[in-house]
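Asks: Just passing along the structure, written as structure tokens.
Please treat every number below as a calculation from the coordinates, not as lab data. Predicted model only: the values in this text are computed from it and were never measured. Here the Cβ positions follow ideal geometry from the backbone for every residue, glycine too, while neighbour counts run over all protein chains shown.
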Amino acid sequence: MIARRRADEIAAALSADGLILRGGFNFATSETPPHGPSVAPAKSVLLVGQAGAAPWPHFLRWRDRQPQTIANPLDTWSREVIGAVAEKFGARAVSPSDRPYLPFQQWAMRAEGLRPSPLGILMHPQYGLWHAYRGALLFEDEIAAPEAHASIHLCDACVAKPCLKSCPVDAYSADGFAHQACLAHVRGSKGEPCRGGGCLDRNACPYGTAHRYPPEVQAFHMTAFAGL
């Protein structure tokens, strides 16, 4: 079993690059989990991610040593960092971009008791929308930590819903995310505020603002989203 001490050691190893453990759980016997570090099914998973922009300086130092043509640099960095921790602690590292896709959103809600915001990003009671999941560690033994219970969902108490009123092209609505409309705007002549400072709807959320990503971090993600 992954005892508290071992989990603390894993967290300490991740913290060297600004990453944190984001909860975890044991798979039920009725589930069909992905395999662990061997061909045996995993028995538990620990989610790995970030709160705020803590990994950014670590990523930039790594990025400066890489070829400028490297594809998907943040994903590559995350895989490298989490993969090294997985090897050290006898786990299998997986990523949200792995194919076939693993149910990271469902894992995250189960691990931390979170629910989606109107933008689809999980709303965290402390970090608001300013957090992310970068990968997960799959183990072939169980973890000692109990499964999370649902926490307060801040969106339920938010009457004004400014996150649905700030986008110039109304990309988010009850009908879902208008991907093409958003993409065309960000790439267009009027999209500089979004390209340079991030999603206006996301920035309008009143929660977790102390953890908001700096403009350069948001610009990096928006540039990647738009393929610029």
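Asks: Mind listing which GluC sites (Glu not before Pro) in region 70-122 are in a DSSP loop and have 11 or fewer other Cβ atoms within 10 Å? Don't skip to the answer; put the middle values down first.
Replies: Details: sites: GLU80, GLU87, GLU112; in loops: none.
Loop-located and lightly packed - none at all.
Asks: What's the ranking of 45-53, 185-193 by average number of surrounding C-beta atoms within 10 Å, highest first? Could you put the intermediate results ahead of the total?
Replies: Working: 45-53: 22.9, 185-193: 14.1.
Ranking the peptides 45-53, 185-193 by packing returns 45-53, 185-193.
Asks: Also, quick follow-up: With only alpha-carbon pairs counted, each pair once and no self-pairs, how large is the Kirkwood hydrodynamic radius of region 112-228 in angstroms?
Replies: On the way: mean 1/r = 0.0635 Å⁻¹.
About 15.8 Å, per the Kirkwood formula over Cα pairs.
Asks: Additional query: From the Cα gyration tensor of region 24-137, with a ≥ b ≥ c the square roots of its eigenvalues, which class applies: rounded if a/c is under 1.5, or else prolate if a/b is larger than b/c, or else oblate? Intermediate values should be presented prior to the final figure.
Replies: Working: a/c = 2.04, a/b = 1.18, b/c = 1.73.
It comes out oblate by the Cα gyration axes.
Asks: A further question follows. Just going by the charge dipole of region 66-117, with Lys and Arg at +1 and Asp and Glu at -1 on Cβ, which of LEU102, GLY90, LEU74 is farthest out on the positive end?
Replies: After comparing all options, I get LEU102.
Asks: What are the trypsin sites (Lys or Arg not before Pro) within region 39-90 that DSSP puts in a loop, where the Cβ has at most 15 other Cβ atoms within 10 Å?
Replies: Details: sites: LYS43, ARG61, ARG63, ARG65, ARG79, LYS88; in loops: LYS43, ARG65.
Qualifying residues, ordered by number: ARG65.
Asks: How far is helix 215-226 tilted off the main Cα axis of the chain, in degrees rounded to 10, range 0 to 90?
Replies: Taking the Cα atoms of the chain, the angle to 215-226 is about 90 degrees.
Asks: Okay, moving on. Using alpha-carbon positions, what is the distance between the centroids of region 132-161 and region 195-224, in Å?
Replies: Centre-to-centre (Cα) distance: 22 Å.
Asks: Then there's this: Less than 28 Å apart at the alpha-carbon level, and either on another chain or at least 8 residues along: which lysines does that give for LYS43?
Replies: Qualifying lysines at Cα under 28 Å: LYS88.
Asks: Now for a separate question. Where does each of TRP56, TRP77 land when they are ranked from fewest to most other beta-carbon atoms within 10 angstrom?
Replies: Neighbour counts put them in this order, fewest first: TRP56, TRP77.
Asks: Which residue, ALA157, ALA93, ALA132, tops the fluctuation ranking in a GNM of the chain built on C-alpha contacts under 10 Å?
Replies: Ranking ALA157, ALA93, ALA132 by mean-square fluctuation puts ALA157 first.
Asks: ALA16 to GLU31: extension gain in nm, 0.36 nm per residue of separation minus the Cα-Cα distance?
Replies: Working: separation 15, 0.36 × 15 = 5.40 nm, distance 3.34 nm.
Contour length minus Cα-Cα distance gives 2.1 nm.
Asks: By count of other Cβ within 10 Å, fewest leading, how are LEU228, LEU21, LEU114 ordered?
Replies: On the way: LEU228 11, LEU21 18, LEU114 23.
Least crowded to most crowded, the residues run LEU228, LEU21, LEU114.
Asks: Here's something else I'd like to know. Would you list ILE82, ILE121, ILE70 from fewest to most Cβ contacts within 10 Å? Working shown, then result.
Replies: Details: ILE82 24, ILE121 19, ILE70 10.
Final ranking by Cβ density, sparse to dense: ILE70, ILE121, ILE82.
Asks: What whole number of Å gives the distance from the Cα centroid of region 37-114 to the Cα centroid of region 3-30?
Replies: 12 Å
Asks: Now, a different point. Compute the acute angle (0 to 90°) between the alpha-carbon long axis of helix 4-15 and the principal axis of greatest extent of the alpha-carbon atoms of the chain; round to the nearest 10°.
Replies: Approximately 40 degrees, to the nearest 10.
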